[in-house]
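Novice: Have a look at the structure that comes next, please.
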């Protein structure tokens, strides 16, 4: 049986590897448009900053090594152009020539691309987007050659805030321009407040509710023009979201879901026979919303790819979905969320959710390496846990606690007594996560 996969990153190679584990004799071919495979795009800010020293450290395999270790054929610089679903053929272009690839089962894992609004001057040298390894290399080379002093980041989401730290570490002054009323709009204001304070402490300028109109410069970018001001810039990062790459399947009748992503079921099947989709081009089931959502992040892509590969190889499996867990850092501030924000919970419930928020220490006060931490917990009026957000230090283990509780549909009344470990170097005897739950229970009991 011939298995063909379009896209050689998280979902695609997870699927290819799973197929080969199930059937060592399977014929698996992967087509990749770029020149790199199996890479961690989330590591690009740290590569540009020089924390990750070599580009080779960003990827796990080369086409040669994955062929040797797993028996998977990967063709780089090979762009799939169209699919004939009746003949079961993919037409691709490699080295300027059209090549045909037959398949019995096909996985489309083409990912998502950064949104690029056609601002006047957007193609000036010094203006970047960040998705591929090639993007990171290009920015790093540009910085080394031109030694920019002033950076403007268009968009105040995760990537933009990570790169605020990157540019600052490189000695570049940073300004963030956000079209929406606030940066980090997927978090509640109490969390965003702490992030803004951190950014301002590191001399990052923040311009909110402000729209970029154009870029100006002669040989390279020199200014960003908004509807309110001119900002000098030697380098610009456009970080205004991504769109799923769905043209291949949209053109042959695939059903689409939220934000135009390819709609799949829990087996990662599309509505087209013998064709699967996974990763940032596809929807994923959200267990709190209880519906399919577009949520382009690596963990869901890896899991979805593995499930797709299993089903393609004839071993039934289902991806139960996500709860929307994310984490990032900017400077010393760690930020994470899982489930719904207060606004989203209000939308889901059709009424006001129950909310608690605490400020605490991540470790006992006498431990020198403890951190301040803010936790916000949200439930319905009966205590059904709906989401949490955390900012501060030592965030990672706590957001894992909350994500696990969400997957298991727990009530905050039960969560507050979970048996979490205690030792002074790690946590107080009453962990802040438990205190946040207990605080919410007290509010529920006072109603």
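Novice: Calculate how many DSSP beta bridges within the stretch 1-154 are antiparallel, expressed in % of all such bridges and rounded to the nearest 5.
Specialist: Close to 50 percent.
Novice: In addition: Would you kindly state how much longer the chain becomes between residue 225 and residue 117 on full extension, computed as 0.36 nm times their sequence separation minus their alpha carbon distance, in nm to one decimal?
Specialist: Numbers: separation 108, 0.36 × 108 = 38.88 nm, distance 1.43 nm.
The residue 225-residue 117 span can extend by a further 37.4 nm.
Novice: Mind running the shape call on the stretch 282-366? Use the C-alpha gyration tensor, a ≥ b ≥ c as the square roots of the eigenvalues: rounded below 1.5 for a/c, prolate if a/b tops b/c, oblate otherwise.
Specialist: oblate
Novice: Please report the antiparallel percentage of DSSP beta bridges with both residues in the chain, rounded to the nearest 5. Intermediate values should be presented prior to the final figure.
Specialist: Numbers: 56 of 87 bridges.
The answer is about 65 percent antiparallel.
Novice: Next question. Averaged across orientations, what area in nm² does the convex hull of the alpha carbons in the stretch 1-63 project?
Specialist: So the mean shadow area of the Cα hull is 4.6 nm².
Novice: Which FRET efficiency, nearest 0.05, do residue 100 and residue 430 yield, Cβ-Cβ r, R0 56 Å?
Specialist: In this case the efficiency is close to 0.30.
Novice: Something else about it: Could you tell me the distance between the Cα centroids of the stretch 51-84 and the stretch 230-291, to the nearest Å?
Specialist: 22
Novice: Here's another thing I want to ask about it. Label-point separation (nm) for residue 251 and residue 22, each offset 7 Å from Cα along Cα-to-Cβ?
Specialist: Output for this residue pair reads 2.9 nm.
Novice: Sort 92-99, 33-40 for me by packing, meaning the mean count of neighbouring Cβ atoms within 10 Å per residue, highest on top.
Specialist: On the way: 92-99: 11.2, 33-40: 19.4.
Ranked by mean Cβ neighbours within 10 Å, highest first: 33-40, 92-99.
Novice: Rounded if a/c is under 1.5, else prolate if a/b is larger than b/c, else oblate: which is the chain, with a ≥ b ≥ c the root eigenvalues of its Cα gyration tensor?
Specialist: Taking the square roots of the gyration eigenvalues as a ≥ b ≥ c, the chain is oblate.
Novice: What is the distance in Å between the Cα centroid of the stretch 151-186 and that of the stretch 191-221?
Specialist: Comparing the Cα centres of the stretch 151-186 and the stretch 191-221, I get a distance of 6 Å.
Novice: Using 0.36 nm per residue, how much length does the chain from residue 408 to residue 76 gain when fully extended, once their Cα-Cα distance is taken away?
Specialist: Contour length minus the Cα-Cα distance gives 115.4 nm.
Novice: Sort the stretch 116-238 into rounded, prolate or oblate with this rule: let a ≥ b ≥ c be the square roots of the eigenvalues of the Cα gyration tensor; rounded if a/c is under 1.5, and if a/c is not under 1.5, prolate when a/b is larger than b/c, oblate otherwise.
Specialist: prolate
Novice: For the stretch 332-446, just the Cα atoms, rotate onto the principal axes and tell me the three extents in Å, largest first.
Specialist: Principal extents (Cα only, largest first): 45, 27, 25 Å.
Novice: How much length, in nm to one decimal, is gained on full extension between residue 315 and residue 332, taken as 0.36 nm per residue of separation minus their Cα-Cα distance?
Specialist: Values: separation 17, 0.36 × 17 = 6.12 nm, distance 4.46 nm.
Length difference between fully extended and current span is 1.7 nm.
Novice: Of 74, 89, 30, which has the largest mean-square fluctuation in a 10 Å C-alpha GNM of the chain?
Specialist: Result: 89 has the largest fluctuation of those listed.
Novice: Express as a percent, rounded to the nearest 5, the fraction of DSSP beta bridges in the stretch 213-317 (both residues included) that run antiparallel.
Specialist: 90
The numbers here are math on the coordinates, done by the rules we state, and not lab data. Everything numeric in this text was worked out from a predicted model, so none of it was measured. All Cβ positions, even for glycine, are placed from backbone atoms using ideal geometry, and neighbour counts span all protein chains on display.
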